[in-house]
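Report on one structure; see the data block that follows.
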Amino acid sequence: MKSLGIDIGSRTIKTVLLNDYKIEQWEVVDATSRPSRIARKLIEKHEQIPTVATGYGRHLLEKEGIPSVTEIKACACGSRFLSNDVRSIIDIGAQDLKTIALDTNGKIAKFEMNDRCAAGTGKFLEIMAQKLGYKIEEFGNAALKGKKKIIISSLCTVFAESEVIGLLNRDESPEDIALAVHYSAIKKITSMYKRISSLNFPVYLVGGGALNPALKVLLQQELETDVVVPDNPQTVIALGAGIIASEKSTH
């Protein structure tokens, strides 16, 4: 039996098609300025298949009668599906940052989401990358080349951007500044993580931010534990929604 999960994020829309709980197809597309239209087109490719929506824009499909679940539930479900021993999850999206602790049965024990502040999210990193003249795909590798320890004190995107401009005006290396920006993001991420877990479990890192190699390296250093990035980490939440769709249709 087939099922579909769709994760409607602020920047991208992800779908995962399952066939008897095996991943048959996945897709990541730009949400553009018309996410509801893009989401409908993606779903129309798989008509009459049980579907569950999640993500920032999950309610956009309510008129089509498509049920929705929270990103927290879908993220936990997708992560646990990929790895049976997952206990700690960090999800770094474009606008959202989530930390989730699971119990021994894979149930959500505790979680935290960022508030309206963009600190630690993909948007924060994208803004800083642009200010430093990097493409977002290059930014993590640039940071890993940084040598000098520079401190960016503000977690606020606006104030941090001002600090970056000041550092550029002082002729600091863009790579060193890139490293400082990533440390600033890590400060926010680890602060949230430590509020939901004090145990030294390996961390499952998902979301589009998991594609940034510097975040993985710095998280491992700061948390002093292994950080695991699954294949296609940006589709894990859509995968969880697809699994939930399968379970709903069989009950």
Note to self: Sort 156, 75 by Cβ crowding within 10 Å, fewest neighbours at the top.
What the structure shows: 156, 75
Notebook entry, point to check: Taking amide hydrogens as modeled 1.01 Å from N in the peptide plane, which residues meet the under 5 Å criterion relative to residue 150, leaving out close sequence neighbours?
Noted result: 180
Item checked: In Hz, Karplus ³J(HN,Hα) per residue of region 20-30 (6.51, -1.76, 1.60; θ = phi - 60°; x = Gly, Pro) -> 6, 6, 10, 6, 9, 7, 9, 8, 10, 10, 5
Next item on the list: Bin width 10 Å, alpha-carbon pairs only: give the P(r) of region 88-229 as whole percents, running from 0 to the bin holding the largest distance.
Entry: 12, 45, 31, 10, 2, 0
Margin query: Modelling each spin label as a point 7 Å along the Cα-to-Cβ direction, I'd like the residue 149/residue 85 distance in nm, to one decimal.
Written below: 3.3
Notebook entry, point to check: Listing 80, 11, 37 from the residue with the fewest other Cβ atoms within 10 Å to the one with the most, what is the order?
Noted result: 37, 11, 80
Notebook entry, point to check: By the scheme Lys and Arg +1, Asp and Glu -1, what is the net charge of all other residues having a beta-carbon under 14 Å from that of residue 186?
Noted result: +3
Margin query: Need one number: nm distance between label points at residue 59 and residue 30, each 7 Å from Cα along Cα→Cβ, rounded to one decimal.
Written below: 2.7
Check: Each residue of region 122-138 in turn: what ³J(HN,Hα) in whole Hz from Karplus with 6.51, -1.76, 1.60 and θ = phi - 60°, glycine and Pro shown as x?
Finding: x, 5, 4, 5, 5, 4, 5, 4, 4, 5, 8, x, 9, 6, 4, 5, 8
Next item on the list: Using a 10 angstrom cutoff on alpha carbons, build the Gaussian network for the chain and name the most mobile of 193, 204, 134.
Entry: 134
Notebook entry, point to check: Dividing the convex hull volume of the alpha carbon atoms of the chain by its residue count, what do you get in Å³ per residue?
Noted result: 120
Check: If you take the charge dipole of the chain about its Cα centre, with +1 on Lys and Arg Cβ and -1 on Asp and Glu Cβ, which of 236, 197, 17 is farthest toward its positive end?
Finding: 197
Note to self: Please compare each pair in 188/248; 63/98; 41/110; 2/135; 98/147; 22/107 to a cut-off of 32 Å on the Cα-Cα distance and tell me which ones are over it.
What the structure shows: 188/248; 41/110; 2/135
Next item on the list: Report the calculated FRET efficiency for residue 41 and residue 248 (r = Cβ-Cβ distance, R0 = 30 Å), to the nearest 0.05.
Entry: 0.85
Margin query: Could you derive backbone 3J(HN,Hα) for region 79-84 from the dihedral phi with the Karplus parameters 6.51, -1.76 and 1.60 (θ = phi - 60°), listing whole Hz in sequence and x where the residue is Gly or Pro?
Written below: 5, 5, 4, 7, 8, 5
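Every number here is computed from the coordinates shown, using simple stated rules; none is lab data. In this text, all values refer to a predicted model and were calculated from it rather than measured experimentally. As a convention, Cβ positions derive from the backbone with ideal geometry for all residues, glycine included, and neighbour counts pool all protein chains shown.
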